[in-house]
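Trainee: The structure follows.
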Amino acid sequence: MMLIAGTVPIKDLPLTMGEVRFEGEFLGLNDIKIPCTQGTAALISAALAATDYLKLDSPHVLLVGDNGEGKGSRLLYEYLIKNIHDLLPDVLVLHYCLPIMDLMRKLVESVERCSKKPIMIADASSMYVAKAAGLATKFDIFTPDATEIAFLADPDATHPAYINKHLFDTDVTRTPELVNAAYQLKGTAKLLLVKGKIDYVVRDGEIIDTITEPDIPELEAIGGTGDTIAGLVAAFAYAELELHEAAIIAARANRMAGKFAQATPGTKVWQIISQFPAVFKEYLCEWSGVCYVEGNRSMSIT
Amino acid sequence: MIFQRKKKLSFEGGGILLFEKVEEAIKAEKVLKGENYAVKLVAPPPTLRKGCDLAVEINLVEQMGIERLFKQKDVVYLEVVPLKGGGELLEIVKVTDFKEATMVKAGNMKLTFDRNTGIILNASGGGCPDIPYLHTQLIDKKLTEAPRPKEIGFTLCALMMDRAFEECLLLWGKGGN
């Protein structure tokens, strides 16, 4: 099972768990319709687009309403701390959630006690709190953008708003230096996908690939296009691709979906997500060697 | 083992509120606990000490919501400082021009508006749980009519979004560029 946990901007949504499905431009979870907008909903939608295409089980999600006050986030942490050893996901994705260091620490401890450790992916504030609490190396994949890699490389910052301004000023061409600093400080997961004009895929401190094409600068402005990359990485990891392959293909697919959607700064993330099936159909075989698909992970490689 | 050390209840907030007077710190703690914020009375580290010997440790990411609450409840404080690092919020913004839109980046947040209409086209970046909510509240609204992130958000991500919003307003006031 792939489990995606995060908050959504529906303040009264109680802690809810289940499998998701597409219902037009919405996500269906039990009898709830969730708009596919920036944040965890975008991440789930991208992951679902990939699992649907690959005929894998749909993602299980653990969602709760939280508009920033943190009550929902606390419920989510506490549920996972208590139940993760029964849920036993193959892939665990932690996303939008109020960063609470002591609860993240307890959650990581609970995961470490599981009989089988999931592939741990953190994006957004879950990545922030993992780094701030000194737990980054417990994770398998982080997906930071250019500012967030500066945050991971800052020995003191507990949130990107407080990073050293010299790191924020850093030119994008210096990303490899920041990557190196982040690994030296143990401020990052084992594998990094740094999103930007150049996407860097880094494993244990070594840059193993960069992705630059197609170049769609407008994607940076579109809220949710970082979330979709994280969702794709999770789905491809769940499909048992090597983690660096999952990251490379996710970065390529996101860029290509932007091209297919003819992205402008006003494009909504749903319009990008709706292009994923066409992108997979045209390119996934070429990129991954997965050229036909059977259900539940029995994929053949050419 | 005969003696077992009782495990301390942990709270790691990452930031502290400094006060001129002890009674202000005590009032602040009471107000924050009344609103269900996780906080702890602490002695400020010597390097950060200003004012009195009592401080309140907070979850730094909740800084913006806490400062707004203090305004509403007339709680007086000196400042909020992170427990580690230089202690300065990022003030720098970066501007990127697209064909008919301008994107302003402040910290980890980006806000993009249409230069012809002043309508907010997109908000991206960030990771705190109020960001998706702010996204729904701001998108497709005019800069001059949209709610300010600092009025309805709670976190440092929202504070960065407000800095971007402020710069967008400034650019729009100058004619969009």
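The values are calculated or read from the model by the stated rules, or taken from the named source; none is laboratory data. Note that the structure is a prediction, hence the values are computed from the model and not measured. No Cβ is skipped: glycine too gets one built from the backbone with ideal geometry, and neighbour counts run over all protein chains shown.
Trainee: Among the residues of the stretch A:38-60, write down those that are touching a Ser or Thr at 6+ places or on another chain (Cβ under 8 Å) and buried (at least 24 other Cβ atoms within 10 Å of the Cβ).
Mentor: Residues satisfying the conditions are A:Gln38, A:Gly39, A:Thr40, A:Ala42, A:Leu43, A:Ser45, A:Ala46, A:Leu48, A:Pro59.
Trainee: Please list, ordered by residue number, the helices (runs of 4 or more DSSP H) wholly in the stretch A:117-169 having 3 or more residues that are in contact with a Phe, Trp or Tyr (Cβ under 9 Å, 6 or more places away or on another chain).
Mentor: Once the helices (runs of 4 or more DSSP H) in the stretch A:117-169 are filtered for at least 3 residues that are in contact with a Phe, Trp or Tyr (Cβ under 9 Å, 6 or more places away or on another chain), what remains is A:124-132, A:146-152.
Here is a yes/no grid of residues against (1) assigned to a loop (DSSP other than H, G, I, E, B); (2) among the small types (Gly, Ala, Ser); (3) not assigned by TED's automatic domain parsing to the domain that holds B:Cys157:
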| position | (1), (2), (3) |
| --- | --- |
| B:Ile26 | no, no, yes |
| B:Lys30 | no, no, yes |
| B:Asp53 | yes, no, yes |
| B:Val56 | no, no, yes |
| B:Phe70 | no, no, yes |
| B:Val76 | yes, no, yes |
| B:Gly87 | yes, yes, yes |
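Trainee: Filter the stretch B:65-81 down to the residues that are facing another protein chain (nearest Cβ under 9 Å) and either in contact with a Lys or Arg (Cβ under 8 Å, 6 or more places away or on another chain) or more than 18 Å from B:Ala38 (Cα to Cα) (or both) and list them by number.
Mentor: None; the set is empty.
Trainee: Here's a follow-up. Given the options A:Ala133, A:Ala161, A:Ala124, name the one that is at the interface with chain B (Cβ under 7 Å from one of its Cβ atoms) and free of Cβ contacts under 8 Å to residues at least 12 places away in the same chain.
Mentor: A:Ala161
Trainee: Residues that are free of Cβ contacts under 8 Å to residues at least 60 places away in the same chain, more than 10 Å from every other protein chain (Cβ to nearest Cβ) and surrounded by 14 or more Cβ atoms within 10 Å (Cβ to Cβ): does the stretch B:87-94 have at least one?
Mentor: no
Trainee: Criterion first (surrounded by 24 or more Cβ atoms within 10 Å (Cβ to Cβ), more than 22 Å from B:Met64 (Cα to Cα), within 8 Å of another protein chain (Cβ to nearest Cβ) and touching a Pro at 6+ places or on another chain (Cβ under 9 Å)) does B:Leu156 satisfy it?
Mentor: no
Trainee: Here are some residues: B:Val75, B:Val95, B:Val22, B:Val61. Which one is out of contact with any Pro (no Cβ under 8 Å at 6 or more places or on another chain) and within 30 Å of A:Asp171 (Cβ to Cβ)?
Mentor: B:Val95
Trainee: Right, here's the next one. Filter the stretch A:229-285 for residues that are within 13 Å of another protein chain (Cβ to nearest Cβ), closer than 19 Å to A:Ala189 by Cα and among the small types (Gly, Ala, Ser) and give the result.
Mentor: Correct list: A:Ala230 only.
Trainee: Something else: So A:Val93 clears everything in (1) in contact with a strand residue (DSSP E or B) (Cβ under 6 Å, 6 or more places away or on another chain); (2) within 14 Å of chain B (Cβ to nearest Cβ); (3) assigned to a loop (DSSP other than H, G, I, E, B) except one condition, right? Which one?
Mentor: (3)
Trainee: Pairs needed: first member in the stretch B:119-132, facing chain A (nearest Cβ under 7 Å); second member anywhere, aliphatic (A, V, I, L, M) and part of a loop (DSSP other than H, G, I, E, B); C-beta distance under 7 Å; at least 6 residues apart or different chains.
Mentor: What qualifies is B:Asn122/A:Ile222; B:Asn122/B:Ile139; B:Ala123/B:Ile139; B:Ser124/A:Ile222; B:Cys128/A:Leu98; B:Pro129/A:Leu98.
Trainee: Could I ask something else about it? Which residues, counting only those in the stretch A:171-188, are free of Cβ contacts under 8 Å to residues at least 24 places away in the same chain and outside any helix (DSSP H, G or I)?
Mentor: A:Asp171
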